[in-house]
Amino acid sequence: MEHGVVTDDSVPTLDLRQVERRDRRAAWERAMASRLVPMGVHLSADSDEDNHGMFRSLDVSDIKVTQWECPELKLVRTKRLVETTDTEALMLLTASAGSQVFELDSGTARMEAGTARISTTRVAYSSTVSSVLRKRSVVIPFAALAPYDTGGAIPDCLMLDQSRPLARLLISFVDSMSTHITCMDPAEVDAARDALLTLVAGVIRSNTRAAYDGPALLPALRSQLEWWIKEHLRGGPIRVVDMAKAFNVSSRTVHRTFSLTGDTVRSVVRTQRLAGARRDVVATNLPIGSIAHRWGYYGASHFGREFKTFLSMSPSDYRYSFGISHVDKHSEMETLNPRFASTMNDLAS
């Protein structure tokens, strides 16, 4: 492999000073496909030779976090690319310098220093970077976000600025991760993951609350019902009639509360159960079969199929990559998570 050219996720950096000019477009397209989603890249022929572009990865467990320095370029994510991409994820972009303009079917959006953009991998768009852009991208699998209350469907394009305190906190959190993530042990990384997902869900929820079609009290009931589900997951089957009785509402109201966001009681129970089991996979040394039994799965094979469907890895592989309960785990960090240990060394060399 030629130095500096990305071929897979194991390469933590891309520095186009190390890539021949004729190969740079292909290098950028591989970088985008690896760290974001597949898209076409067109580099400006007039860009300064020193304005080369680079990235480094700063992943937070199974969430891809990337710091980019982009030259002048144009990006195109066509509807065909959307249809042929298996990845279903939320994408959060924050900018610290420069600007990026997005052209979508719904209109034009501009991201600049101090602002952020939330969208999904299901959205087609074209985008222009007219000068040096420094930004961070956060790619969150839908399965990772599912246990957190977003309050509704994730919008195709949600622009955030400094006017709202929670949005300001999220932007600051993402921008500060590059300073701290390489120094964290695996337990701290998992805590940072939870904090990031909580903030993202909160920002989406606060910006989409007005989109509810039902009475204003239903969103509040939804939060209480989800809390009740979490508290009773390991106590046996979750029944709608029990939930309705606990909150003195009808079963129809329970179903309606979840259907407002396109969910069902069954789908919410499923994601909450998986979230609890995932926590046991990364935080304990319990056998996989014991975790399956503890969280109400029929057996280890059933649990393994569910886990891989939502998180794209088997429970054992996930524990190997992100587990935090092993003795002297911090000393094994470079072996298990080479991105964390190697990124700063690669940039300094």
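In what sequence, highest mean first, do 60-71, 237-248, 109-120 appear when ranked by Cβ atoms within 10 angstrom?
Highest mean packing first, the order is 60-71, 109-120, 237-248.
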Subject >> Overall dimensions of the stretch 79-129 as given by Cα atoms, namely Rg and Dmax in Å >> reply: 11.7, 33
Subject >> For Phe310, net neighbour charge (Lys/Arg +1, Asp/Glu -1) across residues whose Cβ lies under 13 Å away >> reply: +2
**OP:** Sort 162-173, 83-94 for me by packing, meaning the mean count of neighbouring Cβ atoms within 10 Å per residue, highest on top.
**Re:** 83-94, 162-173
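Report the net charge of residues surrounding Glu83, where surrounding means a beta-carbon distance below 13 angstrom and charges are Lys +1, Arg +1, Asp -1, Glu -1. The partial results should precede the final answer.
Numbers: positive: Arg77, Lys79, Arg80, Arg122; negative: Asp86, Glu88.
After counting each charged neighbour, the total is +2.
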Original post:
Roughly what percent of Cα-Cα pairs across the stretch 173-305 reach past 19 Å?
Top reply: 61 percent
**OP:** Report the calculated FRET efficiency for Gln224 and Thr284 (r = Cβ-Cβ distance, R0 = 41 Å), to the nearest 0.05.
**Re:** 0.90
Original post:
How high is the FRET efficiency from Asp86 to Arg270, r the C-beta distance, R0 22 Å, rounded to 0.05?
Top reply: 0.60
**OP:** State the volume of the convex hull built on the alpha-carbon positions of the stretch 42-188, expressed per residue in Å³ and rounded to an integer.
**Re:** 132 Å³
Subject >> Extension gain (nm, one decimal) between His293 and Arg122, 0.36 nm per residue minus Cα-Cα >> reply: 58.0 nm
Original post:
Summing +1 for each Lys or Arg and -1 for each Asp or Glu, what net charge is found among the other residues whose Cβ lies under 14 Å from the Cβ of Gly299?
Top reply: +1
Subject >> Hits among lysines - C-alpha to C-alpha of Lys74 under 16 Å, sequence gap 8 or more where chains match >> reply: Lys135
Original post:
Counting only heavy atoms of protein chains, what accessible area per residue, in Å², does the stretch 85-142 have with a probe of 1.4 Å?
Top reply: 36 Å²
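The values are calculated or read from the model by the stated rules, or taken from the named source; none is laboratory data. Please read all numbers here as calculations on a predicted model, not as lab measurements. As a convention, Cβ positions derive from the backbone with ideal geometry for all residues, glycine included, and neighbour counts pool all protein chains shown. In case anyone asks, the SASA skips ligands and DNA or RNA and just uses the protein heavy atoms, side chains included. Shrake-Rupley method; radii C 1.70, N 1.55, O 1.52, S 1.80 Å.
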